[in-house]
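The values are calculated or read from the model by the stated rules, or taken from the named source; none is laboratory data. For clarity, every value in this text was computed on a predicted model and none was experimentally measured. Cβ: placed from backbone, ideal geometry, glycine included. Neighbour counts: every protein chain shown. Ligands, DNA and RNA are stripped out before the accessible areas are found, and what is left, the full protein with its side chains, is counted by its heavy atoms. Shrake-Rupley method; radii C 1.70, N 1.55, O 1.52, S 1.80 Å.
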Amino acid sequence: MVMTIHYCAKCGSAEICRNSHSGGHACYQCKTCGYHARFVPAAVAKAAQCAQVEALLVERNSQRSIARVTGVAQMTIAKRLK
């Protein structure tokens, strides 16, 4: 069984409990600060990051500047070029 630990985006606490549903996804509430949010799966964030890298490559930015802006490793960007 794979367990994922969510952290509060506002205070960084791991004291999070499932609270409700919104749009078919579970919402969570932080027990420490009361922040209420829906966590976005990592695959969605990764796809958005890859799309940003692709757009910057089309604009002919350097690999180093793309790595600095997006936080993606230079080797990953080099693999995307091939």
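Secondary-structure-derived ellipticity at 222 nm for the chain, considering helices only, amounts to -12000 deg cm²/dmol, per-run term -39500 (n - 2.57) for DSSP H runs with n ≥ 4.
Seen from residue 6, the other residues with C-beta closer than 13 Å to its C-beta sum to a net charge of +3, counting Lys and Arg as +1 and Asp and Glu as -1.
Derived scalar couplings between HN and Hα for segment 16-31 equal 10, 10, 6, 10, 7, 10, 8, x, x, 10, 6, 9, 10, 10, 7, 6 Hz in order, rounded to whole Hz, by the Karplus curve 6.51 cos²θ - 1.76 cosθ + 1.60 (θ = phi - 60°), x for Gly and Pro. Maximal additional length on extending the residue 5-residue 39 stretch stands at 11.1 nm, based on 0.36 nm per residue less the C-alpha distance. Here residue 27 sits with roughly 10 square angstrom of accessible surface, probe radius 1.4 Å. Would you mind calculating the gained length between residue 62 and residue 20 on full extension (0.36 nm times residue separation, minus the Cα-Cα distance), in nm to one decimal? Stretched fully, the residue 62-residue 20 segment lengthens by 10.7 nm.
The Cβ shell under 14 Å around residue 71 holds other residues with a net charge of +3, Lys and Arg each +1, Asp and Glu each -1. Look at the dipole of the chain built from charges on Cβ: of 71, 39, 14, the Cα furthest out on the positive end belongs to 71.
Here the mean projected area of the convex hull built on the C-alpha positions of the chain is 7.7 nm².
Entry note, the chain: relative contact order of 15 percent, from Cα contacts under 8 Å with a spacing of 6+ residues.
Helix hunt in the chain: which complete DSSP H runs extend at least 18 Å axially by C-alpha with mean Kyte-Doolittle at least -0.5?
Helices meeting the criterion: 42-58.
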